[in-house]
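**Student:** Quick one: structure below, then a few questions.
The numbers here are math on the coordinates, done by the rules we state, and not lab data. From a predicted model like this one, the values you see are computed outputs, not experimental measurements. Here the Cβ positions follow ideal geometry from the backbone for every residue, glycine too, while neighbour counts run over all protein chains shown.
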Amino acid sequence: MTVIEQQILGLDGLPAGIDPSIAAWVGRIARLTDPERIVWCDGSMAERQRLISTLEKAGTLTPLNPELRPGSYLARSNPDDVARVESRTFICSEHEEDAGPTNNWMDPNRMRATLSELMAGAMRGRTMYVVPFSMGPVGSPLARYGVQVTDSPYVVLSMGTMTRMGADALRRITPGTPWVPAVHSVGAPLLPGQEDVPWPCNETKYIVHYPETREIWSYGSAYGGNAILAKKAFALRIASAIGQDEGWIAAHMLLLKVTNPDGRVFHVAAAFPSACGKTNFAMLQPTIPGWTVETLGDDIAWLAPGPDGRLRAINPEAGFFGVAPGTGRGTNPVAMDTLEHDVVFTNVALTDEGDVWWEGMTDEVPDHLTDWLGKDWTPDASTPAAHPNSRFTVAAAQCPTISDDWEDPAGVVVDAVIFGGRRATNVPLVSQARSWDHGMLMGATLASERTAAAEGTVGELRRDPFAMLPFSGVHMADHWKHWLEVGHAAEVAGGAPAVFQVNWFRKGADGRFLWPGFGENIHALKWILDRIDGTAEGADSPFGYVPADGEIDHAAAGVEDADWAALFAMDKDALTAEADDAAAFLDSYGGRVPAEIRAELAEMRARIDAL
Ligand code: PEP
Ligand code: NA
Ligand code: MN
């Protein structure tokens, strides 16, 4: 028999004025999962404190030394629950071809039967939290709503940081307002008297999306991307399906604001695959005097036509769920400042003083640590102290460079769209697409080379179109078609953003990075904005317009002339192989590839032939 938490509720056990469709759904899921009690989350600070003490008692959270890291905690996950499990992530569209070719698919009826069986009684002995949330500023025309039920207080705490969670969001879901239901269970019911573990989860995992009915079901994991369902599951996968119907785009993109010395303001949305420095770029500290970069988001952007027809964007999230290793004063001082207090860290190492540490946080490695598994660790250990996918969860408002317009309910006008990958060869430091369609070819064929072994060998590229490979809820080629259409509509109505490609990772013949990256990336950004302003002319190339002589002061970035030339070198044979690889890649996506994308590749090939 389920007891409903009374303290914030009306006499009927429900928040006052609640949309009956939510109450009915919560009742249905409660009958299926059979929790011991139900708590409706209000998003208050008092509730956050209650969650934290619950998690401390359960051993999930360890408080850090309040003098070193106030208000902050360390969570250690089950060692087998540390990352997104793409092999267990499904897009269950009615027709298999609508999920293809990049997603796992299962027949929705079969999946529903499988999940009903797994979820039956899955919350026994646990509390089911009802978590209403808004993606985007509450009340913004661009915001969309959802309700997640979960039996993990760690997930509730994370949702409280990553979304606008609680009573305000719940009040916005009035009858007729669409909302996305998301069911989550760690899949570890407790028998009467059975002792809990600090990080309950199940070996069996399912992260399931029904794009047509906009539903999410997740079972067996408490890890971020698998369990904080507002983020990747809703704001990218389900949102890509909703956006396709409603005329807006869910993008795996950071969002930033740049102000030039004249005070002119630009907004930029940029897509990079994982491990290409998206958070670093969003928090860039310019090395050119008079320029400022401010942060609006580091992972997800929703792009929608505004009243004037121009594309506007919001960051639908309210926090950062970032990878800790590699983040340090040298690489990202703004992130380090953001992480000074009120952070939940997961799977990082613990210092003897009760603070956190991870590889790359400081040059000096502590003599002794407790590693992410809770074991003694010294620098001679053969395993890292922090898990390579260890994370921080922190409110975006805490970021010292957060932009004053990051919560503008109207969104910000997007002046430039940037696609970037990690490419040792071929792709120049920066180039501008010749047209929107050419830009969409850049997005569709986005790729990264990750290992030294892959350098220069086109066959070993990992294509990650629009950086959405694991995050599209629709057929990837339909996602491209949608980008094309939204851009064409913007061009007609008021102007589409200019599109660019960047590559911070090109290497010389000796294997050395040719470009310093980090704060010096402002030089590329400056040229991008000079192009938009019409003060840089650019020069033609197979990749579109590249900086003409003198349009980037590469000496100021510490780059010698020979390296500068190498950053833009175009080798006819290598580029021909590159175009062949891109063509084979497009073919692998079948007949849904938009004709515009194929035509742009043919055009690029002709320009390569003419080299
Ligand atoms: C996640 O795993 O939850 C996540 C945010 O993924 P990624 O950092 O790869 O985008
Ligand atoms: Na991950
Ligand atoms: Mn991401």
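**Student:** Please report, ordered by residue number, every helix of the chain (full DSSP H runs) that is 27 Å or longer along its axis going by C-alpha atoms and whose mean Kyte-Doolittle hydropathy reaches 1.0.
**Tutor:** Values: long enough: none.
Qualifying helices, which must be both long enough and hydrophobic enough, do not occur.
**Student:** Could you check the simple spin-label distance between SER87 and SER53, using points 7 Å along Cα→Cβ, in nm with one decimal?
**Tutor:** Placing both labels 7 Å along Cα→Cβ, they lie 4.3 nm apart.
**Student:** Residues with beta-carbon under 10 Å from that of VAL180, excluding VAL180: net charge, scoring Lys, Arg +1 and Asp, Glu -1?
**Tutor:** Details: positive: ARG144, ARG214; negative: GLU215.
It works out to a net charge of +1.
**Student:** In vacuum, with every alpha carbon of the range 161-231 counted as one equal point scatterer, what does the Debye formula give for log10 I(q)/I(0) at q = 0.23, 0.27 Å⁻¹? Two decimals, please.
**Tutor:** -1.07, -1.21
**Student:** Related question: Got the relative contact order for the range 57-211 handy, in percent, Cα pairs under 8 Å and 6 or more residues apart? Could the numbers behind the result be given before it?
**Tutor:** On the way: 226 pairs, mean separation 41.2, N = 155.
Taking the mean separation of contacting Cα pairs over the length of the range 57-211, I get 27 percent.
**Student:** Using a cut-off of 11 Å between beta-carbons, work out the net charge of the residues near GLU203 (Lys and Arg +1, Asp and Glu -1, GLU203 not included). Before the final figure, lay out the partial values.
**Tutor:** Values: positive: ARG88, LYS205; negative: ASP80, ASP81.
Net local charge, GLU203 excluded: 0.
**Student:** Among 397-407, 309-319, how do they line up by average Cβ neighbours within 10 Å per residue, starting with the highest? Numbers along the way, then the final one.
**Tutor:** Values: 397-407: 17.2, 309-319: 23.9.
Output ranking for 397-407, 309-319: 309-319, 397-407.
**Student:** How far, in nm, would the chain grow between ALA16 and ALA489 when pulled straight, counting 0.36 nm per residue and subtracting the alpha carbon separation?
**Tutor:** Numbers: separation 473, 0.36 × 473 = 170.28 nm, distance 4.21 nm.
Length gained between ALA16 and ALA489: 166.1 nm.
**Student:** State the antiparallel share, in %, of DSSP beta bridges confined to the chain, rounding to the nearest 5.
**Tutor:** Working: 59 of 92 bridges.
So the antiparallel bridges in the chain amount to around 65 percent.
**Student:** How large, in Å, is the range 319-397 by the Kirkwood hydrodynamic radius built from its alpha-carbon pairs?
**Tutor:** On the way: mean 1/r = 0.0794 Å⁻¹.
After inverting the pairwise mean of 1/r, the radius is 12.6 Å.
**Student:** Anything over 28 Å Cα to Cα? Flag those among LYS232/LYS572; LYS57/LYS375; LYS481/LYS526; LYS231/LYS507; LYS231/LYS375, in the order listed.
**Tutor:** Details: LYS232/LYS572 39 Å; LYS57/LYS375 21 Å; LYS481/LYS526 30 Å; LYS231/LYS507 34 Å; LYS231/LYS375 31 Å.
With Cα atoms farther than 28 Å apart: LYS232/LYS572; LYS481/LYS526; LYS231/LYS507; LYS231/LYS375.
**Student:** Under a point spin-label approximation (7 Å from Cα along Cα-to-Cβ), what is the ASP380-ASP609 distance to one decimal in nm?
**Tutor:** Here the modelled spin labels are 6.4 nm apart.
**Student:** Once every DSSP H run of n ≥ 4 in the chain is given -39500 (n - 2.57) and the sum is divided by its residues, what mean residue ellipticity at 222 nm do you get, rounded to the nearest 500 deg cm²/dmol? Don't jump to the answer; show the numbers that get you there.
**Tutor:** Details: 15 runs with 155 residues, N = 611.
Dividing the helical sum by the residues of the chain leaves -7500 deg cm²/dmol.
**Student:** Okay, next question. Roughly speaking, what is the stretch gain from ALA602 to GLN194, that is 0.36 nm per residue apart minus the C-alpha to C-alpha distance, in nm to one decimal?
**Tutor:** Numbers: separation 408, 0.36 × 408 = 146.88 nm, distance 6.45 nm.
Gain on extension, ALA602 to GLN194, equals 140.4 nm.
**Student:** So if I place +1 on the C-beta of Lys and Arg and -1 on the C-beta of Asp and Glu, and nothing else carries charge, what would the dipole magnitude of the chain be about its Cα centre? I want it in debye, nearest 20.
**Tutor:** On the way: 48 positive and 81 negative charges, 321 e Å.
Once rounded to the nearest 20, the dipole reads 1540 debye.
**Student:** While we're here: Just going by the charge dipole of the chain, with Lys and Arg at +1 and Asp and Glu at -1 on Cβ, which of ILE532, GLY443, GLY290 is farthest out on the positive end?
**Tutor:** GLY443
**Student:** Once you put a point 7 Å from the Cα of ALA397 and another 7 Å from the Cα of ALA565, both along the Cβ direction, what distance in nm separates them?
**Tutor:** It is 5.4 nm.
**Student:** At 0.36 nm per residue, and after removing the present C-alpha to C-alpha distance, how many nm does the segment from ARG512 to ARG171 gain when stretched out fully?
**Tutor:** On the way: separation 341, 0.36 × 341 = 122.76 nm, distance 5.52 nm.
This chain segment gains 117.2 nm when fully extended.
**Student:** What list do you get for ASP553, ASP561 if you sort them by fewest beta carbons within 10 Å? Walk me through the numbers before you get to the answer.
**Tutor:** Numbers: ASP553 12, ASP561 9.
Going from sparsest to densest Cβ surroundings: ASP561, ASP553.
**Student:** Now a separate question. Let me spell out the model: positive unit charges on the Cβ of Lys and Arg, negative unit charges on the Cβ of Asp and Glu, origin at the Cα centre of the range 319-397. What dipole size does that give, in debye rounded to 20?
**Tutor:** Details: 3 positive and 13 negative charges, 87 e Å.
It works out to roughly 420 debye.
**Student:** Identify, among ALA467, SER87, LEU303, the residue whose Cα sits farthest towards the positive end of the charge dipole of the chain, taking +1 on the Cβ of Lys and Arg and -1 on the Cβ of Asp and Glu, with the dipole about the Cα centre.
**Tutor:** In the chain, that residue is SER87.
**Student:** For the range 374-427 and the range 477-535, what is the separation of their Cα centres, given in Å?
**Tutor:** Spelled out, the Cα-based centre of one part sits 19 Å from the other.
**Student:** Along the charge dipole of the range 319-397, which of ALA349, GLY319, ALA335 sits closest to the positive end, that is, farthest toward it, with unit charges on the beta carbon of Lys, Arg, Asp and Glu (+1, +1, -1, -1)?
**Tutor:** Value: GLY319.
**Student:** Right, next: Around PRO400, with a cut-off of 10 angstrom between Cβ atoms, what is the net charge of the other residues, counting Lys and Arg +1 and Asp and Glu -1?
**Tutor:** Result for the local shell: -3.
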